[in-house]
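Notes follow the structure.
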Amino acid sequence: MQLSTNHLLGIKELTKDDISLILSTAQQFKEVLQRPIKKVPSLRDVTIVNLFYENSTRTRISFELAEKRLSADTINFAASGSSVSKGETLLDTVNNILSMKVDMVVMRHSASGAPHFLAKHLPGTAIVNAGDGINEHPTQALLDAFSIIERIGSLEGKKILLIGDIMHSRVALSNIWLLKKMGAEVMLSGPPTLIPTYIKEALGVQVEYNLLKALRWCDVANVLRIQLERQNQVLFSSLREYNLSYGLTRKLLNNLQKEIVIMHPGPINRGVEIDSDVADSNQSIILQQVENGVAVRMAVLYLLAGKKME
Ligand code: CP
């Protein structure tokens with residue numbers, strides 16, 4: 001089987017079969033990663049540039065590790081310290097890098113649509129979106145899906161709650177696309193100012209502003225970070241008050257009379273959207289999400305490289 005696309009720009013563009021193929025391939029790579037020798041030769045002679053115009057810890061390390069495990073040659077580019085500060089455009093930067101015979105580009109950018117722009121202008125190069133502005137973070141949604149399936153067996157019919165700053169979250173949008181395509185039910189909870197009014201009708205999700213009611217409904221709660229760096233107006237009174245209304249606390253979880261799975265894409269703001277005794281509990285799969293990210297990104301790179309070599 002093959003992917004229906006030459007790029008990974010967003011979950012919106014993937015079919016249900018594409019998502020299933022990536023997740024089943026990731027399962028095989030997860031098994032490889034349990035072996036004493038974790039490296040396979042699948043992407044030998046493939047050169048990948050990791051183009052990060054925005055900060056990252058997890059995604060950047062995870063892609064680099066995935067590339068190394070697949071035996072690809074990798075180049076890491078950070079906008080700070082490059083000629084971007086001298087006024088070079090995104091397209092010029094990438095064209096210069098590609099003239100050095102690069103096969104794939106993994107890109108994070110603060111502008112929504114930046115990887116789509118590259119894919120349009122560089123159709124012969126596989127582009128992987130590692131997070132674009134407030135649009136999508138497809139590999140995060142894929143690793144979230146993989147981690148949910150690993151913990152509770154499937155997505156079909158499962159009730160998944162996304163809590164917090166939905167408006168500025170590319171993780172939320174990619175998760176909603178993926179979960180709906182795979183047959184899960186999705187509910188959003190957070191301050192009304194952080195949940196766009198169009199989203200309920202447009203994406204077929206439920207909205208519940210009362211966090212306790214939302215938690216009573218769900219099987220899995222995925223807690224999102226407040227993206228202060230993307231907010232240019234006051235959307236809630238203070239972080240302290242946000243924590244009182246929408247912070248995930250042990251007290252709230254003790255009120256549920258059932259055990260739900262807790263997720264967070266990271267980075268965590270402890271004491272704001274999630275308390276430490278929840279984030280570090282046995283209910284939390286936050287570090288499993290990070291671990292699974294490597295296998296999922298190996299699967300994405302492997303499948304896209306296969307398409308490129310057709
Ligand atoms: N989850 C995530 O994208 O984390 P980073 O910003 O550290 O890559």
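Taking the Cα atoms only, what angle lies between the long axis of helix 58-69 and the longest principal axis of the chain, rounded to 10 degrees? Around 40 degrees separate the two axes. In loop segments of region 200-269 as defined by DSSP, the GluC sites (Glu not before Pro) with at most 13 further C-beta atoms inside 10 Å of their C-beta are Glu259.
For the pairs Lys30/Lys120; Lys39/Lys120; Lys180/Lys251; Lys120/Lys307; Lys12/Lys181, flag any whose C-alpha to C-alpha distance is greater than 21 Å. Table pairs above 21 Å Cα-Cα are Lys30/Lys120; Lys39/Lys120; Lys180/Lys251.
Karplus-derived 3J(HN,Hα) values for region 82-94, using 6.51 cos²θ - 1.76 cosθ + 1.60 with θ = phi - 60°, are 9, 7, 4, 5, 8, x, 5, 6, 4, 5, 5, 4, 5 Hz; glycine and proline are entered as x. Taking 7 Å steps out from each Cα toward its Cβ at Gln206 and Glu31 produces label points 3.7 nm apart. Loop-located trypsin sites (Lys or Arg not before Pro) across region 25-107 with a Cβ neighbour count of 16 or fewer within 10 Å are Lys38, Lys39, Arg44, Lys101, with loop assigned by DSSP. Taking amide H positions as modeled 1.01 Å from N, with prolines and chain starts lacking one, the residues under 5 Å from Val46 and 5 or more places away or on another chain are Asp73. The phi torsions of region 201-218, fed into the Karplus equation with coefficients 6.51, -1.76 and 1.60 and a -60° offset, translate into couplings of 6, 5, 10, x, 10, 9, 10, 9, 6, 8, 5, 4, 4, 5, 5, 5, 7, 8 Hz, rounded to whole numbers, with Gly and Pro shown as x. What the Cβ-Cβ distance of Asn255 and Ser83 gives, at R0 = 51 Å and to the nearest 0.05, is a FRET efficiency of 0.40. Rounded to whole numbers, the Karplus 3J(HN,Hα) couplings from phi for region 167-177 are 4, 9, 9, 5, 5, 4, 5, 5, 5, 4, 4 Hz, using 6.51 cos²θ - 1.76 cosθ + 1.60 with θ = phi - 60°, and x at Gly and Pro.
On the basis of the beta-carbon distance and an R0 of 45 Å, Lys38 and Asn95 show a calculated FRET efficiency of 0.85.
Note: relative contact order over the chain, using C-alpha pairs below 8 Å and six or more positions apart, is 22 percent.
Under 5 Å between amide hydrogens, built in the peptide plane, is the criterion, and for Gln206 it picks out Val186, Met187, Leu188 among residues at least 5 positions away or on other chains.
Read-outs throughout are calculated quantities, based only on the coordinates presented, and are distinct from any laboratory measurement. Given the structure is predicted, the values throughout are model-derived calculations rather than measurements. All Cβ positions, even for glycine, are placed from backbone atoms using ideal geometry, and neighbour counts span all protein chains on display.
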